[in-house]
Each structure stands twice: as C-alpha cells, then as structure tokens.
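Let me begin by presenting the structure, written as structure tokens, before commenting on it.
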Amino acid sequence: MDDTQLTRRALLGSAAAGAAGLALGGPLSRSALAARGDFRLGFESVARELSIGSLDVDGSVPGWLRGTLVRNGPGRYEVGDKSFEHWFDGLAMLHAFSFGRGRVGYANRFLRSSSYEAAERDGVIAFNEFATDPCRAIFNGTAAMFKLAPVPNANVNVARLGREFVAMTELPLPVKFDPETLRTVGAQGEALRLGNTGTAHPHRTRSGRSVTYEVELIPPSAYIVRSGGRELARIPVTKPAYMHSFSLTERFAVLTEQPFAVDPMKLVTDWEPYIRNFRWDGSAPTRMHVVDLERGGVRATLETDAFFTFHHVNAFDDGDRITVDLLAYDDATVIDALYLKKLRDLSVKRVPAATPRRLTLDLAKNRVTSRELWDGAVELPRVDYGAVNARPYRYVYGVGVRDRRKSSFFDQLVKLDVRSGEPRIWREDGCFPGEAVFVRAPAARREDDGVALSVVLDSRRRTSFLLVLDARTFTERARAVVPQPVPFGFHGELFR
Ligand code: CO
C-alpha cells in the first residue's frame, strides 16, 4: 500500500475490535470452522475510522465506474459494559468506496446520532432501538419509557433526497450527511412522534415523485401512503403490522400487511423493546393493499396465506393483474434468529432463509396466486432500479446461503433470472458477502450489462474487500482490500 494514506481519526477505547463478547456456545470443531470460516467477525465492533486514498486492487476496476458507493450498517455493539441486543440495533457506521480511473478509495465514519453521542459522552445506551431499550439506570431504576432520539441511529440505508444525502432507518426522520467526508449534518425534518414509524426503503416514480409510507402505531392506527407532500391513502388498522418495504408498479403502490402485528396498548403499557411487542399469528392472512398512485385511495385489499417478508424485490401491473415479487419467510422467526447472542452461538446452525416468491394479484377476481421463483435463498435484493423498477424485469441480485442446513450466515451471492428461474452463484471459502449493488454500464444494451458491487468479509484474512463482479457472467473483475473487517451491514447506494 505505497500510496495509501492511512489516518486514524478516532480510537474508541471501549469498543476495540474483538471486544464483541464472543462468549462462544456450541460444539463446532476447529476444522469445521476453518473450512467454513468464522462469520462472527462480521458482528464485531470497529474501532478505527479510516480514510484511505487508494486501496490495494487485485484485477481491474472498469474505468467507467465513477462515484461513491456509500454503505450503511451497524459499526459498534458495545456501550460501556452493556451491549445492544440485536443486529439491527448497532450504532450506524457509514462506509464510502470511491471510484475513479480504476482506483478505489475507502473511508468509514460513525454517524453522529444521538445514540452515538450518548455512548461516547456518557457511556450509556440512552435511546430506544429496534430490540434494545435504554439503560434503566438513566431512568433511576424505573421502567424505561420510550425515549426518542433527536437524531436517530439511522443504520439501515442511504439515499439522495433532492440535493441532500441521508441515512435512514424505520423512522420518518432521515439524517443528513456529507458524502465526501461522511460528516453527519443532522436530522432532516421535524422531531419524531411516539408511535410514528416509516420505511428505510422509499420509492420514486418514473417521473421522479417520491412515494413512501408511515405506520401510526398509536390509535387511531393506520398505514399512510404519501407521495411528495400529499397523502395518497390512509388505511385504518386495529393491530398494525411490522413492515419493512413495499413496491411500486406504474399505477400502484403495494403494501404487505403481514400477520406480525402489535396491540397498540402493549406499546404504551408494557415497555418491552419495540419489536418484542409484535406477535406472529400464522392462522391470520397476509393482506396486500393496492393504492392508486394517480387518484389516491385503496384500489383493492386482497388476502393470501400468512408469510413474513422484509424485502419486496419489484412489481409491475398489466390491466387488472399485478405481479409482486418479494422474499418470503414462512414466519417471523428470522427476527429472533438475528439477536446477537444467537448469531454468535455456533450451536445455532442456521438463520432462516427467504425464498423469492411471485404473487399475482388478480384485481378482477379478488384473488392472489403465488409461486416460488427459485427454491434457493435470497436476501437484500437489488435490481437495476433506474431501468426496471415498477416494470417487467429479468434479474435480481442478492445474498444467499449455499446450504440451508449448514450455513450459519449469508455465504454466497446470487443472480437470479426471474424469467427462467436460473441462478448464477459467486462464492469463496471463508467469505461472507453483503448486499450486491447493481451498477449499469454506460450504453448498456442488456439488463445485466454492468457490475455488481458487494462488500465481502474474508474471515480467514480478517479483512473485507469490495468485490466487483461482472453482472452478466457473475464472475470477479476486481477486488479492493480494506485493511480491517467491515461489519455486516444492510444497504447502500452508488452516488454519482
Ligand atoms: Co432493508
């Protein structure tokens, strides 16, 4: 790394890498671990904030690849002598991979959320997260009340909203950051209201209008779909469901109301961490709400068998038929499986895996039919959003597992042809890849002309690398090695 400039902007004493409570459980032989690799490194905290002008690159990064891939995810799980409970709780860290003239730069920085500031200043968990409540001590030992952060721990996704770059979580209060320096600018918008949640997966229409939803958990509870500043639909509900994403067709927004729902009274009386108030009821249906993007209002609500989903993949409409592709789980047990204690316990053999499912909503017959697009696992799905979102499409890129019974975490990348059901796979022993962001090549002629960018944990070398795959062949073009592990994150975006 001759021309590498390595600056250590900060050293977090208490969160030194490796301090991440590896109280190991379970019998897994050393040889098995050596063969499969130890994915738990991806759940350790990162101490160093780096800024590196040029990473070591193996292979050749296409010269046309320009801009900055910003990724978001947890970077730290310990605060003082406490730990967050769940993968989704960790303190947000942004990672920037910048491209130009075949080079790759890297920087990482914690988002200066209220949670992060309290952790640094007072050494306490001060605000409610997805599955962790604030330290009781700061409420003088009384039951913890919901404590809303002025600047949320926005660790899920990033987006450009107009001229601003924001980090997002499932709250309707994005956090602005500077994509050049990763410096946190501050919350964008009004203070959070108790029980008002949103999505880290907003959409935009072909004409550039934003479409998003909010869930009002406190009565009168409702799902609210908005476009720009306008309320498109308000769907009343007595027990609101947990919802992570939705999809657009050219005419409709489609919301999935799954039977993993909360009694609003529990939220205000029980003081359980947020997600622990939700209950799965496999005997109840999943409801698909179809909202008219032009006229507003609910065009139809259709019922189908219970399933759980985090991620819609894509959707499109044709007359009275709507096709919705999403990643479906049998139930909501995946949320339990992603508690850090379980993830770090090697005797827990697998994380439930979602399969890509196609639902066909027949509005004329008020009926939903569904089929699997492939029988393998896919999560963190990406499509060529600018070209195919809300339209018929062919390819989805995601993470997967090579063996549903043995894989403990995502250990391969998948490109699935949703027309033929044919997958292409990238994998390497000891490696655990993250979300694969598709980037279209200039003058692309096919939907898969471009590259897929994934940050891969190399558990054997105890580093991570940015993997550049040729999206058509799904083979490696280049890798750029980061000199420390990048913890498992969620979503990212290439900004140009
Ligand atoms: Co997501």
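FYI, it's all coordinate maths here, none of it is from the lab. Worth saying up front: this structure is predicted, and the values here are computed from it rather than measured. For neighbour counting, all protein chains shown are included, and Cβ atoms are generated from backbone atoms with ideal geometry for every residue, glycine included.
What FRET efficiency comes out for R101 versus R461 if R0 is 25 angstrom and r is the Cβ-Cβ distance? Round to the nearest 0.05.
Rounded to the nearest 0.05, the efficiency is 0.40.
Give the residue from C431, L359, L293 lying farthest towards the positive end of the charge dipole for the chain; charges sit on Cβ (+1 for Lys and Arg, -1 for Asp and Glu) and the dipole is referred to the Cα centre.
Working it through, the farthest residue towards the positive pole turns out to be C431.
What FRET efficiency comes out for the pair E117/R295, r = Cβ-Cβ distance, R0 = 60 Å, nearest 0.05? Kindly include the intermediate steps, with their values, before the conclusion.
Values: r = 45 Å, r/R0 = 0.74.
It comes to 0.85.
Report the net charge of residues surrounding V156, where surrounding means a beta-carbon distance below 15 angstrom and charges are Lys +1, Arg +1, Asp -1, Glu -1.
Computed value for this residue: -4.
Report the Cα centroid-to-centroid distance between the stretch 454-483 and the stretch 68-90 in angstrom, as an integer.
22
Put +1 on the Cβ of each Lys and Arg and -1 on the Cβ of each Asp and Glu in the chain; which of S51, V262, V324 then has its Cα farthest toward the positive end of the dipole?
Positive-most Cα among the choices belongs to S51.
Is the shape of the stretch 132-251 rounded, prolate or oblate, going by the alpha carbon gyration tensor and its root eigenvalues a ≥ b ≥ c, with a/c under 1.5 for rounded and a/b larger than b/c for prolate? Working shown, then result.
Numbers: a/c = 2.55, a/b = 1.21, b/c = 2.11.
Here the stretch 132-251 falls in the oblate category.
With a sphere of radius 14 Å drawn around the Cβ of A353, what net charge do the other residues whose Cβ falls strictly inside it have (Lys, Arg +1; Asp, Glu -1)?
Neighbourhood net charge equals 0.
Which stretch or stretches of the stretch 83-111 have amide N atoms under 17 Å from the point lying 7 Å from E180's Cα along the Cα→Cβ direction?
96-100, 105-108
Taking the alpha carbon gyration tensor of the stretch 341-496, what are the square roots of 5 times its eigenvalues, largest first, to the nearest whole Å? Let's see the in-between values first.
Numbers: eigenvalues 150, 97, 31 Å².
Output for the stretch 341-496: semi-axes of 27, 22, 13 Å.
For the residue pair R66 and T360, what label-to-label distance in nm results when each label sits 7 Å from Cα along the Cα-to-beta-carbon direction?
If labels sit at R66 and T360, their model points lie 4.4 nm apart.
Multiply the residue separation of K349 and A443 by 0.36 nm, subtract the distance between their alpha-carbon atoms, and state the gained length in nm to one decimal.
Numbers: separation 94, 0.36 × 94 = 33.84 nm, distance 4.47 nm.
Full extension from K349 to A443 adds 29.4 nm.
What nm value, rounded to one decimal, do you get for the distance between V124 and D320 when each label is placed 7 Å out toward the C-beta?
Here the modelled spin labels are 6.0 nm apart.
Does a label point 7 Å from the Cα of T475, set along Cα-to-beta-carbon, have any residues of the stretch 417-451 with amide nitrogen under 18 Å, and which are they?
Within reach of a label on T475: 423-429, 448-451.
What base-10 log of the normalised intensity I(q)/I(0) is obtained for the stretch 325-400 from the Debye formula, alpha carbons as equal point scatterers, at q = 0.13, 0.20 Å⁻¹?
Per q value, in the given order, log10 I(q)/I(0) is -0.53, -0.97.
Projected onto the charge dipole of the stretch 9-495 (+1 at Lys/Arg Cβ, -1 at Asp/Glu Cβ, origin at the Cα centre), which of H203, T132, S115 gives the Cα projection farthest towards the positive end?
Positive-most Cα among the choices belongs to H203.
Does the stretch 209-332 come out rounded, prolate or oblate, given a ≥ b ≥ c as the square roots of the eigenvalues of its C-alpha gyration tensor, rounded meaning a/c under 1.5 and, failing that, prolate meaning a/b above b/c?
Since a/c reaches 1.5 but b/c is at least a/b, the shape of the stretch 209-332 is classed as oblate.
Evaluate the charge dipole of the stretch 83-227 about its Cα centre and quote only its size in Debye, nearest 20, assuming +1 on the Cβ of each Lys and Arg and -1 on the Cβ of each Asp and Glu.
760
Let me check I've understood the local charge: for L469, count other residues with C-beta under 10 angstrom from its C-beta, Lys and Arg +1, Asp and Glu -1. What total comes out? Display every interim value, and only then the final one.
Working: positive: K415, R424, R472, R477, R479; negative: D470, E476.
Charge balance in the 10 Å sphere: +3.
Which entries of K147/K349; K239/K415; K342/K415 have Cα-Cα distances beyond 30 Å here?
Over 30 Å apart, Cα to Cα: K147/K349; K239/K415.
Run lengths n ≥ 4 of DSSP H only: what is the helix-derived mean residue ellipticity at 222 nm for the chain, with -39500 (n - 2.57) per run over all residues, to the nearest 500? Mind dumping the intermediate values first?
Details: 6 runs with 35 residues, N = 496.
Calculated at 222 nm, the ellipticity per residue is -1500 deg cm²/dmol.
Just the ratio, please: alpha-carbon radius of gyration of the stretch 440-496 over 2.2 N^0.38 Å, N its number of residues.
1.27
Could you work out Rg/(2.2 N^0.38 Å) for the chain, with Rg from alpha carbons only?
Working: Rg = 21.6 Å, N = 496, 2.2 N^0.38 = 23.3 Å.
For the chain, the normalised Cα radius of gyration is 0.93.
Please compute the modelled spin-label separation between S370 and E190, points set 7 Å along Cα→Cβ, answer in nm with one decimal.
3.6
Under a point-charge model restricted to the Cβ atoms of Lys and Arg (+1) and Asp and Glu (-1), what is the dipole moment magnitude of the chain relative to its Cα centre, in debye to the nearest 20?
The dipole of the chain has a size of about 720 debye.
Find the relative contact order for the chain and round it to a whole percent, using C-alpha pairs within less than 8 Å whose residues are 6+ positions apart.
14
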